[in-house]
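Colleague: Before anything else, here's the structure in question.
No lab work stands behind these numbers, since they all come straight from the coordinates. Predicted, not measured: the structure shown is a model, and the values here were computed from it. In this analysis, Cβ positions are derived from the backbone assuming ideal geometry, glycine residues included, and neighbour counts consider all displayed protein chains.
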Amino acid sequence: MVGMLMAFSGPTAVEGAEVVNGCLPAATEINDAGGVLGRTIECEAFDTKGTASDSVPAARQMLSTTSNLFAVLGPSTAEAVAAAPVLEEATQVMFSPAGDGRFDRTELDYYYRLITSDSVGAQAMALHAKQQGFGNVALVFVGGASAQANIPPLEEALGGLGIPVTEALTIQPEQPSYRTEVARILQNRPAAIVFEADAVSAGTFLTELNQAGGGDIPVVTNTLATTGDWQKAAVTAYGGDDALAKSLQMVVRYAQEGGPGTETYVETLQSLDGQDGIDVPSFKDSAYARAAYDGVIVAGLAATKTDSVEPEDYNSAIPELLAAGDGKTVVSNYADGVDAIKEGKDVQYVGANGEYRLNEFHNVIGAFAYYDWDPSTKSLRLVKQLPAEELEALASGQR
């Protein structure tokens with residue numbers, strides 16, 4: 001059993017949806033190849049509701065009721081500080097998408113983050129703002145752990161590049177109106193608005209921004225804008241795709257286009273189209289969904305390598321399977337990985353998100369990308385990559 005310890009209700013429920021669209025394809029691929037040491041994989045949701053206070057009971061319920069728990073997908077940003085130590089104490093391998101910078105140098109042995117930290121995401125947003133020539137920006141985030149994790153490093157990164165912040169606002173989710181906040185933002189007429197909100201809150205805020213005459217201000221957002229619900233709300237707020245295309249800019253973790261691991265993931269996801277929770281258009285290009293998928297696959301390969309489904313036995317094999325090395329056999333799907341391991345080969349798994357450069361803290365540094373809105377296809381369009389090397393240099397003050 002793979003436990004999905006994520007928000008499946010509340011403003012951040014999209015995070016649970018991302019994990020579902022990673023876990024189910026991974027389970028399908030593993031089971032089609034005979035399972036993990038002959039055992040089938042299932043995915044079960046444990047709802048954290050996106051809060052630290054609800055995450056610990058959810059984690060304890062998962063641990064106490066699931067005797068065959070193999071791995072965990074989660075917890076996310078709002079819950080990780082509270083829930084990750086509970087899983088660590090239980091020696092349970094977890095693949096967490098938490099962006100919280102406090103995990104950049106974590107001492108947790110069973111914690112893996114296959115998604116780049118929010119502190120690097122802040123560098124990506126700041127670099128994008130610099131490249132776009134924005135003279136200043138306003139920050140608007142729905143209140144909660146994500147705002148707490150994003151706003152301080154974003155202010156620091158922007159300041160380091162000489163870009164003033166006119167306002168840094170947190171807004172409460174799903175309010176009936178944000179007219180007061182919109183008016184406050186427009187007092188200083190920023191060159192751009194860096195924005196993060198769920199679909200409902202975004203629809204209301206962006207509608208009132210347009211009504212107040214701010215529809216021409218570029219809105220730079222992040223992964224929440226990848227979902228169909230968010231995009232529909234934004235199109236409605238702007239009165240059509242053409243108007244949205246003049247405003248929307250999205251900076252997110254780069255999801256590579258092509259490659260054997262990517263193709264396997266997308267094909268398996270598409271084969272599940274129509275199943276409950278599967279949303280191919282929203283998640284086939286999601287770095288988060290792909291990271292969840294890769295986490296389950298590499299856990300299965302680690303169990304095969306160590307001949308054990310117990311996390312405390314297979315945990316040490318995960319970094320070995322992700323590391324590059326001379327003479328290693330590169331595999332991009334579960335079946336090929338199992339075959340290579342059984343043949344005694346030294347394996348590197350390169351998955352749906354490509355190669356993972358895992359550091360000593362079980363963190364990765366990856367590229368980001370800038371997308372805009374293509375009105376002809378009514379979908380996001382890749383404009384350019386923000387390479388990992390540039391972001392690392394910026395983060396270390398070398399830029």
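Colleague: Give, to the nearest whole percent, the P(r) tail of region 1-120 beyond 17 angstrom, counting all Cα pairs.
Modeller: When all Cα pairs of region 1-120 are counted, 52 percent exceed 17 Å.
Colleague: Then there is this: Can you give the calculated 222 nm mean residue ellipticity of the chain, where each DSSP H run of n ≥ 4 adds -39,500 (n - 2.57) and the sum is split over every residue, rounded to the nearest 500 deg cm²/dmol?
Modeller: Rounded to the nearest 500, it is -13500 deg cm²/dmol.
Colleague: Still on this structure, I have one more. Using a Förster radius of 51 Å, what is the FRET efficiency between Asn188 and Asp313 based on their Cβ-Cβ separation? Nearest 0.05, please.
Modeller: According to the calculation, E is roughly 0.35.
Colleague: Turning to a different aspect of this structure: Roughly how tilted is helix 52-65, in degrees to the nearest 10 and between 0 and 90, from the longest Cα axis of the chain?
Modeller: 20
Colleague: Taking the Cα atoms only, what angle lies between the long axis of helix 260-271 and the longest principal axis of the chain, rounded to 10 degrees?
Modeller: Computed tilt is about 80 degrees.
Colleague: Compute the relative contact order of region 180-322 as a whole-number percentage, counting only Cα pairs closer than 8 Å that sit 6 or more residues apart in sequence.
Modeller: 17
Colleague: While we're here: Using the Kirkwood radius built from alpha carbon pairs, what does the Stokes-Einstein equation give as D for region 303-359 at 25 °C and 0.890 mPa s, in µm² per second?
Modeller: It comes out at roughly 212 µm²/s.
Colleague: I'm checking a number: the convex hull volume of the Cα atoms of region 320-399, normalised per residue, in Å³. What is it?
Modeller: 142
Colleague: Which entries in the list Lys246/Lys284; Lys232/Lys284; Lys328/Lys384 go over 21 Å, if you measure between the two C-alpha atoms of each?
Modeller: Beyond 21 Å between Cα atoms: Lys246/Lys284; Lys328/Lys384.
Colleague: Counting pairs of alpha carbon atoms under 8 Å apart in space and at least six apart in sequence, what relative contact order in percent does region 56-150 give?
Modeller: Relative contact order here is 25 percent.
Colleague: Follow-up question, since we're still on this one. Please report Rg over Rh for region 187-296, where both radii come from the alpha carbon positions and Rh follows the Kirkwood definition.
Modeller: A ratio of 1.05.
Colleague: Report the net charge of residues surrounding Gly35, where surrounding means a beta-carbon distance below 12 angstrom and charges are Lys +1, Arg +1, Asp -1, Glu -1.
Modeller: Net charge in that neighbourhood comes out at -2.
Colleague: Tell me the Kirkwood hydrodynamic radius of region 204-268 in angstroms, computed as one over the mean inverse distance between distinct C-alpha pairs.
Modeller: Over region 204-268, the inverse of the mean reciprocal pair distance is 13.4 Å.
Colleague: Shifting gears a bit: Over all alpha-carbon pairs of region 109-236, lay out the pair-distance distribution in 10 Å bins, whole %, shortest bin first.
Modeller: With 10 Å bins starting at 0, P(r) equals 13, 45, 34, 7, 1, 0.
Colleague: Ranked highest first by the average count of other Cβ atoms within 10 Å around their residues, in what order do 188-194, 347-353, 248-254 fall?
Modeller: With the highest mean Cβ count within 10 Å placed first, the list reads 347-353, 248-254, 188-194.
Colleague: Something else now. With all distinct Cα pairs included, what does the Kirkwood hydrodynamic radius of the chain come out to in Å, to one decimal, could you say?
Modeller: One decimal place: 21.3 Å for the Kirkwood radius.
Colleague: Let me ask another. Given Cα pairs under 8 Å that are at least 6 residues apart, what percent is the relative contact order of the chain?
Modeller: It rounds to 18 percent for the chain.
Colleague: While we're looking at this one, here's another question. Can you pull a Stokes-Einstein diffusion coefficient for region 235-381 at 4 °C (1.567 mPa s), Rh from Kirkwood over Cα pairs, as a whole number of µm²/s?
Modeller: 76
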